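The values are calculated or read from the model by the stated rules, or taken from the named source; none is laboratory data. Since this is a predicted model, take the numbers as computed values, not measurements. Here the Cβ positions follow ideal geometry from the backbone for every residue, glycine too, while neighbour counts run over all protein chains shown.
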Amino acid sequence: MKTLLQIITGFILAGYTYLTVIIAVGHAFGKTIYPCDFFSYFRVTLIAILVGTAVTIPELFIIPKMIGRLSFGLNLLARTVLYLFFAALAVVLFSVAYYSISLSTLPWHLLRHASVVAFVKGEFLVILLLCLIVAFLINALRLIVNRFGEGVFWNYISGRYHIPHEEERIFMFLDLYASTTIAEKIGHYQYHQFLNELFTDISEPIWHNLGEIYQYVGDEVVITWPVQIGLKDAHCLKCFFEIRSVLKSKEAHYEAEYGFVPEFKAGLHAGKVIAGEVGELKTEIVFHGDTVNTASRIHSECSVYRRDFLISGDVLKLLQPYLKGQYDIEYIGHILLKGKENEIALYSIHPAIALKL
């Protein structure tokens, strides 16, 4: 729905801009091309909704399967061509219905009417050109946003982190069990393909739970949330278990393709960090502070205590109002993490047995 609304909004804005310019030009030359009335804008809105809905079809069902792995340039070209094809189809269907009703004639008799022929030779071509421009701009923007991550992209645009400031955030360090063994077994090229597919599969649970991918480090993914977003409905917990559920549903595929089933371990911690832009030749938004380091250290303890998911006592305290008896919590102990002076309480957490059945 979010994708559909974004695309429809883009076409509606483009349609309104086109209609307003045409009306203004006609008024300037004393010739009415379109009347400036409700019906003109309603017609444009209806066409934009139909076109936006039509081009969402390849966005959801064709692009991810057929062209999702192409380079930026080829991806942009293929997306634009697909958008244009489905947009043209939507405009043709709308025009046939509109003129059939307004002229009270059958669709296959439409080309006998001068007004329809004039539309096909004139306005229809202009609409297609407009659709081509909008399709190119929408897809270029979507690919750029995907490259940076939606949250990071809009933060760059707004300049939110141009001046460093303090934030409270939750961090999850998530990485693969036995990654070195896997890489040696299947080779570095296939290992890259494997990670690419794996990171694609876990994107949906991360997005669904409002997480932001902070960075990829080898086989490790660092996910972050502003504290209030991560706590709401326990998104920071649900994210891990939904990732595990997605991978379980694809066990047969990974076993057949790579010879093993991937499993993740994760560490979770929350606290204050300094957020800001760094770098000159390559600018990044980074988070600095003890919170990030502690989350990484907690993640390292998963192998020591043979647990898939460890969280700090600080996170658990914040999460208490949101757990609602849905999770079983196991106290691991107060642990002195590497590089730390004070012990920190660690807990293992997993969905309650009643939820698993």
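Just a few scattered comments:
- Among the candidates His269, His334, His350, the residue that is assigned by TED's automatic domain parsing to the domain that holds Phe199, part of a strand (DSSP E or B) and exposed (fewer than 12 other Cβ atoms within 10 Å of the Cβ) is uniquely His334.
- Flag for Ile186 being in contact with a His (Cβ under 8 Å, 6 or more places away or on another chain), among the β-branched types (Val, Ile, Thr) and surrounded by 13 or more Cβ atoms within 10 Å (Cβ to Cβ): no
- When segment 206-245 is filtered for residues that are loosely packed, with under 14 Cβ neighbours inside 10 Å and aliphatic (A, V, I, L, M), only Val217 remains.
- Out of Val44, Val92, sole residue that is over 25 Å from Lys2 (Cβ atoms), part of a helix (DSSP H, G or I) and free of Cβ contacts under 8 Å to residues at least 40 places away in the same chain: Val92
- The residues on offer are Gly313, Gly339, Gly267, Gly276, and the sole one that is without any contact (Cβ under 8 Å) to a residue 40 or more places away in the chain and of a type in the set (Gly, Ala, Ser) is Gly313.
- Considering only residues in segment 8-40 that are small (Gly, Ala, Ser) and within 30 Å of Thr56 (Cβ to Cβ), the one that is surrounded by the most Cβ atoms within 10 Å (Cβ to Cβ) turns out to be Gly15.
- For the criterion of being assigned to a loop (DSSP other than H, G, I, E, B), surrounded by fewer than 20 Cβ atoms within 10 Å (Cβ to Cβ), without any contact (Cβ under 8 Å) to a residue 60 or more places away in the chain and out of contact with any Ser or Thr (no Cβ under 8 Å at 6 or more places or on another chain), Leu195 fails.
- Checklist (1) touching a strand residue (DSSP E or B) at 6+ places or on another chain (Cβ under 6 Å); (2) free of Cβ contacts under 8 Å to residues at least 40 places away in the same chain; (3) not in a strand (DSSP E or B) applied to Phe240, failing item: (2)
- Filtered residue count, segment 119-136, keeping only those that are modelled with pLDDT of 85 or more and of a type in the set (Gly, Ala, Ser): 1
- Subset tally (residues that are charged (D, E, K, R), under 21 Å from Gly230 (Cβ atoms) and modelled with pLDDT of 85 or more) for segment 157-185: 5
- If only residues of segment 17-46 that are of a type in the set (Phe, Trp, Tyr) and within 19 Å of Tyr98 (Cα to Cα) are counted, the one that is farthest from the chain's Cα centre (by Cα) is Tyr34.
- Filter result for the condition that a residue is surrounded by 15 or more Cβ atoms within 10 Å (Cβ to Cβ) and either part of a helix (DSSP H, G or I) or over 34 Å from the mean Cα position of the chain (by Cα) (or both), over Leu82, Leu60: Leu82
- Residue within segment 12-30 that is in a loop (DSSP other than H, G, I, E, B) and either among the polar types (S, T, N, Q) or farther than 23 Å from Ser203 by Cβ (or both) present: yes
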